[in-house]
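**Student:** Mind having a look at this structure? Questions to follow.
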Amino acid sequence: METKIVIMSQIMNKDAIMKEAGQVIRSGGLVAFPTETVYGLGGDAWNPISAGKIYEAKGRPSDNPLIVHIADLNSLTEIVEKVNRKAEQLIQAFWPGPLTIIFQKNHLMPVEVTGGLDTIAVRMPEHELARAFIKEAGGFIAAPSANKSGRPSPTLAKYVVEDLAGKIDMILDGGMVGIGLESTIVDVTNDIPEILRPGSITKRMLEEVIGEVVYDPTILSMQEEGVPKAPGMKYKHYAPRGELTIIQGPPNLVSRRINELSDVLLKCGERVGIIATDETVQEYRATIIKSVGSRQDEDSIARRLYQILREFDNEKISYIYSESFESDRIGQAIMNRLLKAAAYQIENVERE
Ligand code: TXA
Ligand code: MG
């Protein structure tokens, strides 16, 4: 199949392109589109065949449910059983935006989209192009991230091309995404809402609006244990081709340890990559050293993380060492993704 790639900034008549993209969806095809978090791979949420095509294009297990993207609130009541008080408050505070909410589903949405669950994940993105596209396509877009299963989510259209060209009908290139990590997922179907995937909307931000919120315990774990409630979180996700290890501890010891490990591998002729920060990038020795952003600006780190993992793949790096990131802000989401990319390989260096 030939994939039509449209660079939106070069298009005069954007309306016509959006209509065309909408038509592709209505006739059962797939379109990759930008959102404020990462690029999504969209299909018609009402069409089970489209869901099947999404799983096939991504090489994704079909028990892993998709998020239904909507562009206006009236659409929500068509697919969920009810919207409780806490969900209403979250919608009021965070939609449109990078928050996915889990609802009880009604019986209308095809099981292919929800992986056979009786709940449904819904998100209303803020990205202007995403919203226009969803509307033109009929209002209900089932979309996972637009990467091949097991690769980092795409933050630029060129990474969608890398993973999916030839397998989908169209790619809308809207430039680099704003956030760079997938949406926060919160389940409000139980008494105490639960975060199933951390993102840029943090626990504290949610708690300011709806009171107590808990994490799915598997999110906080520094080891691979337990069964996460979001089926997709159980897979070794976001995996770079090189072997990634996170080194955690006081900054000066971290850089010293990473250099030690790197020196050994360099001597053996291996290609070593380091994920550093603006503050530390000068301190390292390796084949390729990249700063993921500044510790003064965690958002910059979130935006660059997946891109760096992909760049190391393309540069055929076989060992990657990363500094560690943690905070109660988006650092939590960064560390969650990094731990998965590292398959939970983390080394602690302690004070001497
Ligand atoms: O930011 C995002 O959320 C992006 C953009 C494109 O919107 N989408 C995205 O989709 O990250 P995906 O498919 O890569 O991740 C969806 C996650 C998976 O881990 C899936 O298991 C979980 O949401 N999920 C979907 N429906 C669910 C449900 N009913 N209950 C629990 N988890 C669910
Ligand atoms: Mg994904």
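**Student:** Could you go through the range 73-84 and let me know if any residue there is part of a loop (DSSP other than H, G, I, E, B), closer than 23 Å to ILE201 by Cα, in contact with a helix residue (DSSP H, G or I) (Cβ under 6 Å, 6 or more places away or on another chain) and of a type in the set (A, V, I, L, M, F, W, C).
**Tutor:** no
**Student:** Of everything in the range 144-162 that's out of contact with any helix residue (DSSP H, G or I) (no Cβ under 8 Å at 6 or more places or on another chain) and in contact (Cβ under 8 Å) with a residue 24 or more places away in the chain, which residue is nearest to THR100 (Cα to Cα)? Break it down into steps so the answer makes sense when it comes.
**Tutor:** At the first step, the residues of the range 144-162 found to be out of contact with any helix residue (DSSP H, G or I) (no Cβ under 8 Å at 6 or more places or on another chain) are 145, 150, 157-158, 160-161.
Then keep just the ones that are in contact (Cβ under 8 Å) with a residue 24 or more places away in the chain; that gives 145, 150, 157, 160-161.
Details: SER145: 13, GLY150: 21, ALA157: 22, VAL160: 22, VAL161: 25 Å.
Of everything passing the filter in the range 144-162, SER145 is nearest to THR100 (Cα to Cα).
Matching residues to (1) assigned to a loop (DSSP other than H, G, I, E, B); (2) open to solvent by 60 Å² or more (accessible area, probe 1.4 Å):
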{"site": "ARG256", "(1), (2)": "no, yes"}
{"site": "ILE289", "(1), (2)": "no, no"}
{"site": "ARG303", "(1), (2)": "no, yes"}
{"site": "ILE308", "(1), (2)": "no, no"}
{"site": "GLU326", "(1), (2)": "yes, yes"}
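**Student:** Let me ask something else about it. Would you be able to say whether some residue in the range 244-253 is closer than 22 Å to ARG151 by Cα, open to solvent by less than 90 Å² (accessible area, probe 1.4 Å), touching a strand residue (DSSP E or B) at 6+ places or on another chain (Cβ under 8 Å) and not β-branched (Val, Ile, Thr)?
**Tutor:** Yes, because at least one residue in the range 244-253 is closer than 22 Å to ARG151 by Cα, open to solvent by less than 90 Å² (accessible area, probe 1.4 Å), touching a strand residue (DSSP E or B) at 6+ places or on another chain (Cβ under 8 Å) and not β-branched (Val, Ile, Thr).
**Student:** Exactly one condition in (1) over 26 Å from LEU220 (Cβ atoms); (2) surrounded by fewer than 16 Cβ atoms within 10 Å (Cβ to Cβ) is false for GLU283; which is it?
**Tutor:** The single condition GLU283 does not satisfy is (2).
**Student:** Take the residues in the range 108-149 that are under 17 Å from GLU36 (Cβ atoms) and of a type in the set (Lys, Arg), then tell me which one is farthest from ligand 2 (Cβ to nearest atom).
**Tutor:** Only one residue fits best here, namely LYS135.
**Student:** Is one or more of the residues making up the range 212-228 surrounded by 16 or more Cβ atoms within 10 Å (Cβ to Cβ), more than 21 Å from LEU338 (Cα to Cα) and away from ligand 2 (no atom under 16 Å from the Cβ)?
**Tutor:** yes
**Student:** Filter the range 260-280 down to residues that are farther than 13 Å from PHE325 by Cα and crowded, with 17+ Cβ neighbours inside 10 Å, then give me how many there are.
**Tutor:** Total meeting the criteria: 7.
**Student:** Further, regarding this structure: For the range 240-250, give me the residue count where each residue is outside any strand (DSSP E or B) and closer than 24 Å to VAL349 by Cβ. Steps first, answer last, please.
**Tutor:** Just the residues of the range 240-250 that are outside any strand (DSSP E or B), to begin with: 240-242, 249-250.
Still in the list and also closer than 24 Å to VAL349 by Cβ: 240, 242, 249-250.
The total comes to 4.
**Student:** Got a number for residues in the range 134-157 being assigned to a helix (DSSP H, G or I) and touching a Pro at 6+ places or on another chain (Cβ under 9 Å)?
**Tutor:** Final tally of qualifying residues: 2.
**Student:** Does the range 170-184 include one or more residues that are within 16 Å of ligand 2 (Cβ to nearest atom), assigned to a loop (DSSP other than H, G, I, E, B) and polar (S, T, N, Q)?
**Tutor:** yes
Yes/no per residue for (1) without any contact (Cβ under 8 Å) to a residue 40 or more places away in the chain; (2) surrounded by 15 or more Cβ atoms within 10 Å (Cβ to Cβ); (3) under 27 Å from MET176 (Cα atoms); (4) among the aliphatic types (A, V, I, L, M):
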residue: SER50; (1), (2), (3), (4): no, yes, yes, no
residue: ILE54; (1), (2), (3), (4): no, yes, yes, yes
residue: ARG60; (1), (2), (3), (4): no, yes, yes, no
residue: ILE79; (1), (2), (3), (4): no, yes, no, yes
residue: ARG123; (1), (2), (3), (4): no, yes, yes, no
residue: ILE134; (1), (2), (3), (4): no, yes, yes, yes
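**Student:** Starting from residues that are within 16 Å of ligand 1 (Cβ to nearest atom), of a type in the set (D, E, K, R) and assigned to a loop (DSSP other than H, G, I, E, B), keep the ones in the range 198-239 and report whichever is nearest to PRO65 (Cα to Cα).
**Tutor:** Checked the range 198-239; the qualifying residue nearest to PRO65 (Cα to Cα) is LYS229.
**Student:** All but one of (1) in contact (Cβ under 8 Å) with a residue 40 or more places away in the chain; (2) more than 23 Å from SER153 (Cβ to Cβ); (3) outside any helix (DSSP H, G or I) hold for GLY273; state the number of the condition that does not hold.
**Tutor:** All conditions pass for GLY273, except number (2).
**Student:** Taking the range 328-352 as the region of interest, how many residues are within 19 Å of the chain's Cα centre (by Cα) and outside any helix (DSSP H, G or I)?
**Tutor:** Looking only at the range 328-352, we keep the residues that are within 19 Å of the chain's Cα centre (by Cα), and these are 328-344.
Remaining after also requiring outside any helix (DSSP H, G or I): 328-330, 342-344.
Residues flagged as within 19 Å of the chain's Cα centre (by Cα) and outside any helix (DSSP H, G or I) within the range 328-352 amount to 6.
**Student:** Here's something else I'd like to know. Going by the structure shown, is PRO154 modelled with pLDDT of 95 or more and away from ligand 1 (no atom under 11 Å from the Cβ)? Reasoning before the result, please.
**Tutor:** Numbers: modelled with pLDDT of 95 or more: yes; away from ligand 1 (no atom under 11 Å from the Cβ): no.
Here the answer is no, as PRO154 does not meet what is asked.
**Student:** Name the residue that is farthest from the chain's Cα centre (by Cα), counting only residues in the range 12-65 that are among the charged types (D, E, K, R) and within 10 Å of ligand 1 (Cβ to nearest atom).
**Tutor:** Taking the candidates together, the pick is ASP63.
The values are calculated or read from the model by the stated rules, or taken from the named source; none is laboratory data. Computed from a predicted model, the values in this text were never measured in an experiment. Reconstructed Cβ throughout: ideal geometry from the backbone, glycine too, with neighbour counts over all protein chains shown. In case anyone asks, the SASA skips ligands and DNA or RNA and just uses the protein heavy atoms, side chains included. Shrake-Rupley method; radii C 1.70, N 1.55, O 1.52, S 1.80 Å.
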